[in-house]
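The values are calculated or read from the model by the stated rules, or taken from the named source; none is laboratory data. It should be emphasised that the depicted structure is a prediction, and the values quoted were computed from it without experimental measurement. Here Cβ is always computed from backbone atoms with ideal geometry, including for glycine, and neighbour counts include all displayed protein chains.
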Amino acid sequence: MRSPRAAGLVALAAASALLVLPGCGKAEDGFASIPDRGERFPGEVQAGAQVEMEEIEFAPTRLRVAAGSPVTWTNRDRVAHTVVEGTDTYNDFTSGEVAPGETYTRSFDEAGTIEYRCTIHASMDGELRVER
């Protein structure tokens with residue numbers, strides 16, 4: 001006869017298995033049900049990429065770009081934004097304030113991942129993967 005503790009552990013293990021199984025998905029699904037297991041930078045490498053700043057977000061958030069090609073951020077909001085890698089004081093690049101309706105364009109020559117953000121709105125961030 002099992003102890004009440006052992007029976008409880010078996011029941012907990014069975015319940016845990018039921019919670020895990022629905023999220024597994026199939027290999028051909030790209031593991032879409034598991035966060036960050038799919039491709040982090042979807043889509044083709046772009047030359048002349050466009051990023052919209054709208055509703056306090058960068059869209060697309062993640063983008064693949066060809067080395068040396070321009071990336072243009074367009075502000076479609078009613079408030080100013082910035083495009084900064086780092087902080088306003090210590091950065092690899094900064095757009096300064098991009099007023100509503102204005103754009104900021106920059107090219108990236110070196111391959112790698114660039115994380116950027118808006119220093120005015122803490123929730124706004126994005127990433128570029130620069131590829132040769």
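Going by what's in this entry, would PRO100 be described as under 18 Å from the mean Cα position of the chain (by Cα) and either over 20 Å from PHE41 (Cβ atoms) or surrounded by 13 or more Cβ atoms within 10 Å (Cβ to Cβ) (or both)? The answer is no for PRO100.
When PHE31 is tested against (1) in a loop (DSSP other than H, G, I, E, B); (2) modelled with pLDDT of 95 or more, just one condition goes unmet, and that condition is (2).
Can you tell me which residue within the stretch 113-132, out of those that are over 16 Å from ALA47 (Cα atoms) and over 12 Å from the mean Cα position of the chain (by Cα), is surrounded by the most Cβ atoms within 10 Å (Cβ to Cβ)? Once the filter is applied, the top-ranked residue is CYS118. The single residue among ALA80, ALA47, ALA66 that is exposed (fewer than 15 other Cβ atoms within 10 Å of the Cβ) and among the small types (Gly, Ala, Ser) turns out to be ALA47.
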